[in-house]
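Chemist: My questions will all concern the structure given below.
Values in this text are rule-based calculations from the coordinates and carry no lab data. As the structure is a computational prediction, the values presented were derived from the model and not from experiment. Backbone-built Cβ (ideal geometry, glycine too); neighbour counts: all protein chains shown.
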Amino acid sequence: MTIGIKSASNVRSLKQCVPVTFNYDVHFTRGLFELNNPLLAQVLTAAGDSPKKVLAVVDAGLMPHQPALLDNLAAYAEFYRDALIFVQQPAIVPGGEAAKNDPQLVEQLHHIIDRAGLCRHSYILAIGGGAVLDMAGYAAATAHRGIRLIRVPTTVLAQNDSGVGVKNGINAFGKKNFLGTFAPPYAVLNDLDFLTTLDDRNWRSGIAEAVKVALIKDADFFDFITRHAPALVQRDMQAMQELIYRCAQLHLEHITTSGDPFEKGSSRPLDFGHWAAHKLEQLTNYNLRHGEAVAIGIALDSTYSYLIGLLAKSDWQQILNTLQALGFSLYVPELVAQLHQLEHPDYLFRGLREFQEHLGGELTLMLLEKIGKGVEVHHVDLLVYERAIALLQHHNQLGE
């Protein structure tokens, strides 16, 4: 006997397809808030109906390094008063992962938006690192179902990766980006001058995202990073400018052409190395910068790719050597702390389940077939991953 589902004769359906196009520009400049730089004013006046109501949200971590920033913002608004009006003094919020770990920050921004009478034609001007941009973007996307967001990324990682994409979010329930939205920004304004005051860890951290996208999409770009590793370590601004531009370009090309910019499926190619990275951030209480964790995740997944015969040994060695030449550590004790305690909340491989759970569907990981070409897999061998961790631990001990 064949059992099937019969079509209901009493159902009428209306099928609908809503095509939506998003346009936003990513600008590269210097001295964004200097009076002789009209870029921000031009971006705002392009939409007409000026002056625009703007709420500035500023990363507190900038204050010691950019002591004139608030005065410059005020002077800029006065000089370009036909283009913008700040509805109040800038909202100063904690920088780093603390911005994403405190849900009250989003609520506070919602209160300010409400009191200031901001609407969908108003703007949030978010100035800071990736975590602050994520949090402010989530607040903007959820107030009135969407206030226009202009991102001003101030770190390497934000300028070349997180700040140019379409995601916003905060952490919840011990999980990275559990709450969030897909909401493209109105514009992204990358001011390279902000990078000059970064400490070495934050300068280096963002390079990991460039390594990531180069490994899965562009072998020539990875060769550029390898050849310029000494210059990047020495904080050569020309090399960094080229790295940021190409990384952002590859990121935007993927969003535009991949066919799944809002991740409706189970695949996240741009999150190569991220399943372990997200878990390691949590396991280290976010003492690891995101990029530092990504570097370890890249090393781990590259080593796994080598061990299962996907990746040539020479490519694997070049990847590890390049990451180390850039100054990244490829091992932390949290990789093995609870490696055989399957039910322990700090068990590393819980990160695989959380990675899959974030999208749903089948587990989909990006591994490497060769430098410049990623390949997706849906099953992994945890015993091989344990061997990969042991190799990284041994590699680390040799380098000490």
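Chemist: Roughly how big is region 225-355's charge dipole about its Cα centre, with Cβ charges of +1 (Lys, Arg) and -1 (Asp, Glu), in debye to the nearest 20? Each step should come with its number before you reach the end.
Modeler: Details: 10 positive and 14 negative charges, 37 e Å.
Its charge dipole is roughly 180 debye.
Chemist: Also, I was wondering about something else. Please report, to two decimal places, log10 I(q)/I(0) for region 25-197 at q = 0.10, 0.12, 0.19 Å⁻¹ as given by the Debye formula with identical point scatterers on the Cα atoms and no solvent.
Modeler: Relative scattering, expressed as log10 I(q)/I(0), comes to -0.32, -0.47, -1.29.
Chemist: Where in the chain are the DSSP H helices whose alpha-carbon span along the long axis reaches 27 Å or more and whose Kyte-Doolittle mean is at least 0.5? Walk me through the intermediate numbers first.
Modeler: Working: long enough: 237-257 (30 Å, -0.04).
Long hydrophobic helices here: none detected.
Chemist: Here's another thing I want to ask about it. Show which lysines lie in cross-link reach of K313 when reach means a straight Cα distance below 26 angstrom and same-chain residues fewer than eight apart are skipped.
Modeler: K212, K217, K370, K373
Chemist: Let me ask you something else. Would you please classify the overall shape of region 166-286 from the alpha carbon gyration tensor, given that a ≥ b ≥ c denote the square roots of the eigenvalues, rounded means a/c under 1.5, and beyond that prolate means a/b larger than b/c while oblate covers the rest?
Modeler: Working: a/c = 1.59, a/b = 1.33, b/c = 1.19.
Taking the square roots of the gyration eigenvalues as a ≥ b ≥ c, region 166-286 is prolate.
Chemist: Shifting gears a bit: Taking every alpha carbon pair in the chain, what does the distance histogram look like in 20 angstrom bins from 0, in percent?
Modeler: 27, 54, 18, 1, 0
Chemist: Working out 0.36 nm times the residue gap between Q318 and D25, then minus their Cα-Cα distance, what length gain in nm do you get to one decimal?
Modeler: Full-extension gain reported as 102.0 nm.
Chemist: Peptides 133-143, 111-121, 164-174: what's the order by average Cβ count within 10 Å, highest mean first?
Modeler: Details: 133-143: 26.4, 111-121: 13.7, 164-174: 18.6.
Packing order, densest peptide first, comes out as 133-143, 164-174, 111-121.
Chemist: Given an 8 Å cut-off on Cα distances and at least 6 residues of separation, report the relative contact order of region 159-201 as a percent.
Modeler: Numbers: 32 pairs, mean separation 13.2, N = 43.
Reported relative contact order: 31 percent.
Chemist: Can you order the peptides 280-287, 43-50 by their average number of other Cβ atoms within 10 Å per residue, highest first? Numbers along the way, then the final one.
Modeler: Numbers: 280-287: 18.8, 43-50: 14.6.
Per-residue mean Cβ counts within 10 Å order the peptides as 280-287, 43-50.
Chemist: Contact order normalised by length for the chain, with contacts defined as Cα pairs under 8 Å and 6 or more residues apart; what percent is it? Show your work: numbers first, answer last.
Modeler: On the way: 660 pairs, mean separation 53.2, N = 400.
Value for the chain: 13 percent.
Chemist: May I have the count of lysine pairs in region 25-197 with C-alpha atoms under 21 Å apart, counting pairs 8 or more residues apart or located on different chains? Display every interim value, and only then the final one.
Modeler: Working: K100/K167; K100/K175; K100/K176; K167/K175; K167/K176.
Taking region 25-197 as the scope, the lysine pair count is 5.
Chemist: Roughly how far apart, in whole Å, are the Cα centres of region 11-54 and region 210-274?
Modeler: 24
Chemist: Using +1 on the beta carbon of Lys and Arg, -1 on that of Asp and Glu, and nothing else charged, what's the dipole of the chain about the Cα centre, debye to 20?
Modeler: For this selection, approximately 1100 debye.
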